[in-house]
Amino acid sequence: MSEPAAPTLDWEGYGFATRQVHAGEAEDLTHGARITPVHLSAAYRFASFQEAADRFSGADLGHLYSRNANPTNQVAERRLASLEGGSGALVVGSGQAAITMALLGLAGEGEHIISTASIYSGTRVLFDRSFRRLGVTVEYLWDPSDEDEWERLIRPETKAIFTETLPNPKNDVVDIAAVARIADRHGIPLVVDNTIGTPFLIRPFEHGAHIVVHSATKFLSGHGANLAGAIVDGGTFDWAASDRPYPGITATPFSTHASYVDAFGPRAFEQYLRFGIANDTGPALSPLNGFLLHQGMETLSVRMRQHIASAREIAEWLEGQERVESVDYAGLPSHPQHALAVRDYGGLPGSVFSFTVRGGAEGAERFFDALRVFSRMTNIGDTRSMALHPATTTHSGFTQETRDRLGIADGLIRLSIGLEDAADLIADLDQALRVAV
């Protein structure tokens, strides 16, 4: 009688849908559980004196403390690294924590970051408030296609460039490959927020990015029940060769330890964050949230197909309505970044976009209050469709000048298209528009 085949645990080379279900799992040899259990343990026993010393030194990457690594969370980390095409990943408590960890791992007091101007409003608040208090300056670049503007902003103390694949609410697609060429020319790591794109639509490492971050609360988890963030290391930035100093990664932290570059090679940044920045500041992800994250990723491609198909149908319908001034969806030929959306996203640039109701703030208020199927709430990337009025919520703390430059008009409404029938969503928008105008 032949021996049964062992289950596959190395999923390299398999397709996206297969990897989103299986990548990162470890076989349960104790009970044979098919689903990764939730490991609710703060710490882990050491088999010996030497094993304890080796785990603290990094010579043994076994489990030490759940602030650094947890078996449940590691499934989500390995799965996301596989889907993005990175060398490794670290999950943390939220998307804001992921951005904070990634950028504070690169820049410190007196140093400088350049960010494209059109990014998530909460990230701009983070940069302008908390980063400023820590002595890290963030400057905004308004036209990513203007190489002269890049050259004017890049300084010797510039330590990172930050952008998003699909900014909200304007869906103004960023040419990641073009930004990556500028970053490479100056020896600066490019950090890309791929929350709305997800690795199903675009994988920034394939376009030259070095680090990817996610608010994994959104599409990766997908059901509005989880709060999580993630940082993925592309493993491609040459830290030792850069003219800009990154001592946390390239210097020896203790006389008896190798540097992270020498010890971990293409996983140097991930491990530096795990045992350095994240260990020190403690934005650990609960194992229950890690479980929800890797469960959510199992259906990512299925959900994203429905999200983007409905988004396109709804955007096209909105553009034909007399009660609508404009629609900010790059899948439409009228959008300024349409050609880029076709090139990088096949004309389907996600499912978070905005439109402007006629009648200004009063029209927007009447429209918003008339919605019955769309949920009036913050958040994006949920199975449920959601609407928000940015000028009085997410962008209310910005100056009028900044809102004007970002295109946040009084009548602008942000939509996150969920998994309901598109016909039902259109009917809800239609009746709300009739009330509004």
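The values are calculated or read from the model by the stated rules, or taken from the named source; none is laboratory data. What you see is a predicted model; the values in this text were computed from it and never measured. Glycine also receives a Cβ, built like all others from the backbone with ideal geometry; neighbour counts cover every protein chain displayed.
Take Arg366 and decide whether it is part of a helix (DSSP H, G or I) and modelled with pLDDT under 95.
Values: part of a helix (DSSP H, G or I): yes; modelled with pLDDT under 95: no.
No; evaluated as a whole, the condition is false for this residue.
Considering only residues of region 137-159 that are crowded, with 19+ Cβ neighbours inside 10 Å and in contact with a Leu (Cβ under 7 Å, 6 or more places away or on another chain), which is nearest to Gln337 (Cα to Cα)?
For region 137-159, the residue satisfying everything is Leu141.
Of (1) farther than 18 Å from Ala102 by Cβ; (2) charged (D, E, K, R); (3) surrounded by fewer than 22 Cβ atoms within 10 Å (Cβ to Cβ), Asp172 satisfies all except one. Which?
The single condition Asp172 does not satisfy is (3).
Can you confirm whether Ala178 is under 19 Å from Ala341 (Cβ atoms), among the aliphatic types (A, V, I, L, M) and either without any contact (Cβ under 8 Å) to a residue 40 or more places away in the chain or outside any loop (DSSP other than H, G, I, E, B) (or both)? Talk me through it step by step, then tell me what you get.
Numbers: under 19 Å from Ala341 (Cβ atoms): yes; among the aliphatic types (A, V, I, L, M): yes; either without any contact (Cβ under 8 Å) to a residue 40 or more places away in the chain or outside any loop (DSSP other than H, G, I, E, B) (or both): yes.
When the stated conditions are applied, Ala178 passes them.
If I filter region 68-77 for residues that are in the same structural domain as Ala209 (by TED's automatic domain parsing), more than 21 Å from the chain's Cα centre (by Cα) and free of Cβ contacts under 8 Å to residues at least 40 places away in the same chain, do I get at least one hit?
no
Return the only residue of Tyr44, Tyr14 being touching a helix residue (DSSP H, G or I) at 6+ places or on another chain (Cβ under 8 Å), over 30 Å from Leu406 (Cβ atoms) and surrounded by fewer than 19 Cβ atoms within 10 Å (Cβ to Cβ). Quick ask: steps written out before the conclusion?
Details: Tyr44 fails: touching a helix residue (DSSP H, G or I) at 6+ places or on another chain (Cβ under 8 Å).
The unique qualifying residue is Tyr14.
Just to be sure before I move on: is Thr18 free of Cβ contacts under 8 Å to residues at least 12 places away in the same chain and either of a type in the set (Ser, Thr, Tyr) or assigned to a loop (DSSP other than H, G, I, E, B) (or both) in the structure I sent? Reasoning before the result, please.
Working: free of Cβ contacts under 8 Å to residues at least 12 places away in the same chain: yes; either of a type in the set (Ser, Thr, Tyr) or assigned to a loop (DSSP other than H, G, I, E, B) (or both): yes.
Spelling it out, Thr18 is indeed free of Cβ contacts under 8 Å to residues at least 12 places away in the same chain and either of a type in the set (Ser, Thr, Tyr) or assigned to a loop (DSSP other than H, G, I, E, B) (or both).
Go through (1) more than 30 Å from Arg403 (Cβ to Cβ); (2) surrounded by fewer than 22 Cβ atoms within 10 Å (Cβ to Cβ); (3) among the basic types (Lys, Arg) one by one and return the number of the condition Arg129 breaks.
Single failed check for Arg129: (1).
Give me the pairs: first residue in region 29-49 and without any contact (Cβ under 8 Å) to a residue 60 or more places away in the chain, second residue among the basic types (Lys, Arg), beta-carbon distance under 8 Å, and six or more apart or on different chains, which are they?
If the second residue must be among the basic types (Lys, Arg), the pairs left are Phe46/Arg55.
Looking at Ile277, Ile308, Ile314, which is the one that is crowded, with 17+ Cβ neighbours inside 10 Å, in contact (Cβ under 8 Å) with a residue 40 or more places away in the chain and farther than 22 Å from Thr383 by Cβ?
Among Ile277, Ile308, Ile314, only Ile277 is crowded, with 17+ Cβ neighbours inside 10 Å, in contact (Cβ under 8 Å) with a residue 40 or more places away in the chain and farther than 22 Å from Thr383 by Cβ.
Can you work out which of the residues in region 1-15 that are among the acidic types (Asp, Glu) and within 35 Å of the chain's Cα centre (by Cα) is modelled with the highest pLDDT?
Out of the qualifying residues, it is Glu12.
Can you work out which of the residues in region 323-352 that are aliphatic (A, V, I, L, M) and part of a loop (DSSP other than H, G, I, E, B) is surrounded by the most Cβ atoms within 10 Å (Cβ to Cβ)?
Here is the first cut: in region 323-352, the residues aliphatic (A, V, I, L, M) are 324, 327, 330, 332, 339-342, 348, 352.
Restricting the remaining residues to those that are part of a loop (DSSP other than H, G, I, E, B) gives 330, 332, 348.
On the way: Ala330: 27, Leu332: 20, Leu348: 19.
Result: Ala330.
Is it the case that region 228-240 has a residue that's of a type in the set (A, V, I, L, M), over 24 Å from Gly58 (Cα atoms) and out of contact with any helix residue (DSSP H, G or I) (no Cβ under 6 Å at 6 or more places or on another chain)? Talk me through it step by step, then tell me what you get.
Looking only at region 228-240, we keep the residues that are of a type in the set (A, V, I, L, M), and these are 228, 230-232, 240.
Checking which are over 24 Å from Gly58 (Cα atoms) leaves us with 228.
Still in the list and also out of contact with any helix residue (DSSP H, G or I) (no Cβ under 6 Å at 6 or more places or on another chain): none.
The answer is no, given that none of the residues of region 228-240 is of a type in the set (A, V, I, L, M), over 24 Å from Gly58 (Cα atoms) and out of contact with any helix residue (DSSP H, G or I) (no Cβ under 6 Å at 6 or more places or on another chain).
Can you find, within region 114-138, the residue that is farthest from Leu153 (Cα to Cα) among those that are of a type in the set (A, V, I, L, M) and outside any helix (DSSP H, G or I)? Can you show your working first?
So in region 114-138, the residues of a type in the set (A, V, I, L, M) come out as 114, 117, 119, 125-126, 134, 136, 138.
If we keep only those that are outside any helix (DSSP H, G or I) too, we end up with 114, 117, 119, 134, 136, 138.
Working: Ile114: 7, Ala117: 13, Ile119: 18, Leu134: 20, Val136: 15, Val138: 10 Å.
Checked region 114-138; the qualifying residue farthest from Leu153 (Cα to Cα) is Leu134.
In region 73-88, is there at least one residue being loosely packed, with under 15 Cβ neighbours inside 10 Å, farther than 20 Å from Phe162 by Cβ and of a type in the set (Val, Ile, Thr)?
No, the conditions are met nowhere in region 73-88.
Taking only region 139-177 into account, find how many residues are more than 20 Å from the chain's Cα centre (by Cα) and farther than 18 Å from Ile188 by Cα.
The number of residues fulfilling the criteria is 2.
Given Gly360, Gly320, which one is surrounded by fewer than 21 Cβ atoms within 10 Å (Cβ to Cβ), free of Cβ contacts under 8 Å to residues at least 60 places away in the same chain, outside the structural domain of Pro37 (by TED's automatic domain parsing) and under 24 Å from Leu419 (Cβ atoms)?
Values: Gly360 fails: under 24 Å from Leu419 (Cβ atoms).
Selected residue: Gly320, the only one of Gly360, Gly320 that is surrounded by fewer than 21 Cβ atoms within 10 Å (Cβ to Cβ), free of Cβ contacts under 8 Å to residues at least 60 places away in the same chain, outside the structural domain of Pro37 (by TED's automatic domain parsing) and under 24 Å from Leu419 (Cβ atoms).
Being more than 18 Å from Phe219 (Cβ to Cβ) and more than 27 Å from the chain's Cα centre (by Cα) narrows it down to one residue among Ala432, Ala391, Ala409; which is it?
Values: Ala391 fails: more than 27 Å from the chain's Cα centre (by Cα); Ala409 fails: more than 27 Å from the chain's Cα centre (by Cα).
Result: Ala432 is the single residue among Ala432, Ala391, Ala409 that is more than 18 Å from Phe219 (Cβ to Cβ) and more than 27 Å from the chain's Cα centre (by Cα).
Given the options Gly88, Gly93, name the one that is in contact (Cβ under 8 Å) with a residue 24 or more places away in the chain, over 14 Å from the mean Cα position of the chain (by Cα) and within 17 Å of Phe275 (Cα to Cα).
Working: Gly93 fails: over 14 Å from the mean Cα position of the chain (by Cα).
Among Gly88, Gly93, only Gly88 is in contact (Cβ under 8 Å) with a residue 24 or more places away in the chain, over 14 Å from the mean Cα position of the chain (by Cα) and within 17 Å of Phe275 (Cα to Cα).
Could you figure out which of (1) modelled with pLDDT of 95 or more; (2) under 23 Å from Leu227 (Cα atoms); (3) not hydrophobic (A, V, I, L, M, F, W, C) isn't true of Asn68?
So Asn68 meets the others, but not (1).
Go through region 250-263 and give me each residue that's in contact (Cβ under 8 Å) with a residue 24 or more places away in the chain and either crowded, with 22+ Cβ neighbours inside 10 Å or part of a helix (DSSP H, G or I) (or both).
Ala263 - this is the single residue of region 250-263 that is in contact (Cβ under 8 Å) with a residue 24 or more places away in the chain and either crowded, with 22+ Cβ neighbours inside 10 Å or part of a helix (DSSP H, G or I) (or both).
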